[in-house]
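Since the structure comes first, as structure tokens, the remarks are kept for the end.
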Amino acid sequence: MRERLRRTRGAALVILATSAAPLTGQTTLSGRAETLVRAYHDLGRFNGAALVVYDGDPLLENTYGFARLADGTVTNGTRAARDVPNHLGTRFPIGSLGRSFTAALILRLWEGGTLHLEAPVREYLPDAPWLRDDGVTIHHLLVDPGSVAGAAGPGAGDVDAASGVLRDVAETVTGRPYDALLGELVLDPVGLAHTGVESEPASGPGHAAGLRRSLGGIEPATAEGSSLRSPTGVVYSTVEDLGRWADALSRFETGRPFQRAETLERMRTPAVEGQAYGLAVHARPLGREDAVRVLERADRTPGFSAAMRIFPDHGRAIVLLDNTSSDLEPLLEGLTNLLWGAEAPRPKPSIAERLLPIVETAGIEAALDRYRNWRTTRPDRYDYGAHELVRLARHLADGGHPERAFPALETAIELFPHAAEASVALFELDLEAGDTVQAVSRLEAALTWRPGDPRLLEPLLDLGAEPPAVLRFPVTGVTTGAMERVTGSYRIDPATSLEIRREGHGLVAQRTGEAGFPLLPQGETTYLLEGSAIQLSFQMDGERAASVAIVESGQRVTFPRIPDLR
């Protein structure tokens, strides 16, 4: 093992280098990374700042596009004289990436004996609202935001609610404000001089403004403030600071920010399936290795996207900050491939841009027929994702043609039922058309695929709607052991049973003679049948489930487990 100090444009960036062989063609790899990111930018798929680290060196460190617009829109990406470009010091809101800072703060207080991770939250906040039960501990909040039910009911804003409770705990046990504690105990020790918390979204110099890239050009994003604000405030950072944070999470150094190496290891060790403290943690095959450890966090809100992926045992990291709400996953995967010597697929042109002229000349149905045909016959030619149909629909609706937008969004939901953004866009069109009943129905249907998703749940609750209780609880991580404890067969009637089995990384439920359906975990003993409002609740007897209750439309029917044959 060897350790090297690298300089990132005047800022120290320390990354642990491992026994992996040095990259001989690093200049070539750097050029390939730049070419890939530039290709995404040129196609309107990325606008912001990127940092890629390999073996302790910044392989790529660059910015792309605009931080903010002088006024109005920028058609076809043409820059106006007073538009402000992004630069490495531009501060972006990072959404839920800030949860890792909150987790580190709680761990610092734990190190100092100020609080206990296994203590019930009510020990520190006797009157805390919205806890699901009195047994919820600090540890639970760090790994499972679903331990908290939002103000509007279970599942509403769970992540924000959990962050808010953790903030209140920190302030209560210390008697000091959250932002001051975070700076003193976490940010300053790591040297994150351009990271902080503000009560409202900042709009001054040095901050990126939320933008939206439509088919007509670039324009300011809507609902920017409300989507960013959380109980802990708006967390901002830069790619350089997040590079330092990636290093601090990769390599222990006393006081940076933890005092003990065991604390760092606790933060990045999964407590439930794939979830550690403020981070997703998993192992995946990369290059010649079967199980490369990965720490990551990503978020996307109107106007902004942020992603951080860290390979702590290899001295590699990727940080992407974007202010046009781009889907960063394809670019993140492409850069990951490059870091492990694989090819990175180039981004594909927008199908929405190709369909727009067809809509204008032949109508929306002709354009959607062409979409379906090309999706089958030319699968590699365009980007056919749900977000492309949403872009097309928003452009049509903004241009005064909502009747054309409806079919595009309905097609998106038909082909991509998990696409929350399509459901939300259709919900908004229904409301504008005055059809509240249809709007509510659509979001409730979307919740059967993404239960507890605040993007779907909160608009419903704002309207006073009462979606089924089983759809209010979000999907959460569970351990492999917890899943194994509920597997088996359950007797429905003498001729029919319900089999629960492992498949891939999850569980599947299959009734005798029928197809199997994936189960979405909402807790260690509670699962939602994907695409439905049917919940399975398992009753435990020691280490194994003794029965399963099927909960639907407020009714609950219990079926016993069939004893295992020995």
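Table for the structure above
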{"quantity": "Any hit, the stretch 384-391, residues being free of Cβ contacts under 8 Å to residues at least 40 places away in the same chain, of a type outside the set (D, E, K, R) and not in a helix (DSSP H, G or I)", "calculated": "yes"}
{"quantity": "Matching residues, the stretch 511-532, being over 23 Å from ASP493 (Cβ atoms) and assigned to a loop (DSSP other than H, G, I, E, B)", "calculated": "GLU524, THR525, GLU530, GLY531"}
{"quantity": "Count of the stretch 286-306 residues which are in contact with an Asp or Glu (Cβ under 9 Å, 6 or more places away or on another chain) and either surrounded by fewer than 23 Cβ atoms within 10 Å (Cβ to Cβ) or assigned by TED's automatic domain parsing to the domain that holds THR137 (or both)", "calculated": "6"}
{"quantity": "Qualifying position, being at pLDDT 65 or above, within 27 Å of LEU211 (Cβ to Cβ) and not assigned by TED's automatic domain parsing to the domain that holds ARG251, among ARG45, ARG9", "calculated": "ARG45"}
{"quantity": "Search result, residues across the stretch 198-210 that are at pLDDT below 90 and either crowded, with 17+ Cβ neighbours inside 10 Å or in contact with a strand residue (DSSP E or B) (Cβ under 9 Å, 6 or more places away or on another chain) (or both)", "calculated": "GLU198, SER199, GLU200, PRO201, ALA202, SER203, PRO205, GLY206"}
{"quantity": "All positions within the stretch 509-566 that are among the β-branched types (Val, Ile, Thr) and either surrounded by 12 or more Cβ atoms within 10 Å (Cβ to Cβ) or touching a Pro at 6+ places or on another chain (Cβ under 9 Å) (or both)", "calculated": "THR512, THR525, THR526, ILE534, VAL548, ILE550, VAL551, THR558, ILE562"}
{"quantity": "Residue within the stretch 366-386 that is surrounded by 13 or more Cβ atoms within 10 Å (Cβ to Cβ), at pLDDT below 95 and of a type outside the set (D, E, K, R) present", "calculated": "yes"}
{"quantity": "From GLU428, GLU410, GLU444, residue being in contact (Cβ under 8 Å) with a residue 12 or more places away in the chain and in contact with a Pro (Cβ under 9 Å, 6 or more places away or on another chain)", "calculated": "GLU444"}
{"quantity": "Residues satisfying the stated conditions in the stretch 540-566, i.e. in a strand (DSSP E or B) and closer than 24 Å to GLY274 by Cα", "calculated": "MET540, ARG544, ALA545"}
{"quantity": "Residue check, TRP374 touching a Lys or Arg at 6+ places or on another chain (Cβ under 9 Å), more than 27 Å from THR448 (Cα to Cα) and touching a residue at least 40 places away in the same chain (Cβ under 8 Å)", "calculated": "no"}
{"quantity": "Residue match in the stretch 436-449 (condition: within 24 Å of ASP369 (Cα to Cα) and either assigned to a strand (DSSP E or B) or touching a Cys at 6+ places or on another chain (Cβ under 8 Å) (or both))", "calculated": "no"}
{"quantity": "Residue match in the stretch 353-360 (condition: surrounded by fewer than 22 Cβ atoms within 10 Å (Cβ to Cβ), part of a strand (DSSP E or B) and either of a type in the set (Gly, Ala, Ser) or not assigned by TED's automatic domain parsing to the domain that holds THR525 (or both))", "calculated": "no"}
{"quantity": "Residue match in the stretch 19-32 (condition: touching a Lys or Arg at 6+ places or on another chain (Cβ under 6 Å) and at pLDDT 50 or above)", "calculated": "no"}
{"quantity": "Residue in the stretch 388-406 that is surrounded by fewer than 20 Cβ atoms within 10 Å (Cβ to Cβ) and touching a strand residue (DSSP E or B) at 6+ places or on another chain (Cβ under 8 Å) present", "calculated": "yes"}
{"quantity": "Boolean, ARG229 is in the same structural domain as ARG99 (by TED's automatic domain parsing) and modelled with pLDDT of 95 or more", "calculated": "no"}
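Conditions tested, residue by residue: (1) assigned by TED's automatic domain parsing to the domain that holds ALA104; (2) touching a residue at least 24 places away in the same chain (Cβ under 8 Å); (3) out of contact with any helix residue (DSSP H, G or I) (no Cβ under 6 Å at 6 or more places or on another chain); (4) small (Gly, Ala, Ser).
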position: LEU249; (1), (2), (3), (4): yes, yes, yes, no
position: PHE252; (1), (2), (3), (4): yes, no, no, no
position: GLU262; (1), (2), (3), (4): yes, no, yes, no
position: ARG268; (1), (2), (3), (4): yes, yes, yes, no
position: GLY278; (1), (2), (3), (4): no, yes, no, yes
position: ARG284; (1), (2), (3), (4): no, no, yes, no
position: MET308; (1), (2), (3), (4): no, yes, no, no
position: PRO312; (1), (2), (3), (4): no, yes, no, no
position: GLU343; (1), (2), (3), (4): no, no, yes, no
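The values are calculated or read from the model by the stated rules, or taken from the named source; none is laboratory data. A quick note: this is a predicted structure, and the numbers were derived from the prediction, not measured. Heads up, the Cβs are rebuilt from the backbone with ideal geometry, glycines too, and the neighbour counts pull from every protein chain shown.
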